[in-house]
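Contents: one structure, followed by commentary.
The values are calculated or read from the model by the stated rules, or taken from the named source; none is laboratory data. All figures in this text were calculated on a predicted structure; none of them were measured in a lab. Glycine gets a Cβ as well: all are built from the backbone with ideal geometry, and neighbour counts include every protein chain shown. Remember, those area values only see protein heavy atoms, side chains included, never the ligands or the DNA or RNA. Shrake-Rupley method; radii C 1.70, N 1.55, O 1.52, S 1.80 Å.
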Amino acid sequence: MDGPSPLTGRLLVAMPGIEDPRFEHAVILVCSHGPDHAMGVRLDAQAPGVSLATVLDRLDLPPAEAGGERPVMVGGPVERERGFVVHTDDWLSHGSSVPFGEGLALTGTRDALVAMADPVSGPRRALLALGYAGWGEGQLESELADNVWLVAEAEIDVIFDLDHASKWARALRTVGVDEAGALSGQSGRA
């Protein structure tokens, strides 16, 4: 595969009836996709009782100047003890940030947390997720062929705003689906 994958920087929106309850109503931002892997961060599932301020305190990092009450997301079931900051690419950590999509980057280092807590020198928008969703060779392609996921454009507000409860419905609207009841998890052939 030459160049970036057309899935990188887009959203995966779980179809009704997904067989894995960990991904029911999931909205996942695809951060990396290649012939042998795919990696994404879930955008709509808050980690219960965990905020940015909590994480900064646990890591003995300076407190957030603003937005410390921001929730931390459950990025996925893989490496849930590891943090990933999805952010706008107006701030990058040299050698650590991986730009992807349009105007986005992913950083998994402590300096991203410090930058996230600083509204002056940090990224314009950011979110912290614990863990990620991962797929092995051909797995995501197989799930797409089986209608497990819809692919949608990644709108900046769907990625970063705090209205997590409506992200799934809003992501569906970006592909022209206004009612989740209009979708079926069943696939067929014409």
For ARG173, placing the label point 7 angstrom along Cα-to-beta-carbon and taking the range 141-157, residues whose amide nitrogen sits under 19 Å are 150-157
Two pseudo-spin positions, 7 Å from Cα along C-beta at GLU79 and at ASP157, lie apart in nanometres by 3.3 nm
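Per residue, how big is the convex hull of the chain when only Cα atoms are used? Give it in Å³. Could you put the intermediate results ahead of the total?
Numbers: hull volume 23.7 nm³, N = 190.
Considering the Cα atoms of the chain, their hull volume per residue is 125 Å³.
Please report the carbon-and-sulfur percent of the accessible area for the chain; probe 1.4 Å, protein heavy atoms only, DNA, RNA and ligands left out. Write out the running numbers ahead of the final one.
Values: 4840 of 9750 Å².
The C+S portion of the solvent-accessible surface of the chain is 50 percent.
Residue separation times 0.36 nm, minus the C-alpha to C-alpha distance between ASP36 and ASN147: what's the value? Write down the numbers at each step before the final one.
Details: separation 111, 0.36 × 111 = 39.96 nm, distance 2.02 nm.
Length gained, ASP36 through ASN147: 37.9 nm.
From the square roots a ≥ b ≥ c of the eigenvalues of the alpha-carbon gyration tensor of the range 20-126, which class results: rounded (a/c under 1.5), prolate (a/b over b/c), or oblate?
Note, shape of the range 20-126 comes out oblate.
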Out of THR54, PRO16, LEU130 - ranked by how far each Cα lies towards the positive end of the dipole of the chain, with unit charges on the beta-carbon of charged residues - the top one is THR54
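Going by the alpha-carbon gyration tensor, a ≥ b ≥ c the square roots of its eigenvalues, is the range 68-114 rounded (a/c under 1.5) or, if a/c is not under 1.5, prolate (a/b greater than b/c) versus oblate? Provide the component values of the computation, followed by the final result.
Numbers: a/c = 1.58, a/b = 1.45, b/c = 1.09.
In terms of gyration-tensor shape, prolate.
Sequence gap at least 6, Cα distance under 8 Å: using those rules, report the relative contact order of the chain to the nearest whole percent.
Details: 385 pairs, mean separation 51.9, N = 190.
Contact order relative to length: 27 percent.
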Each label sits 7 Å from Cα toward the beta-carbon; between GLN46 and ALA165 the label points are separated, in nm, by 1.0 nm
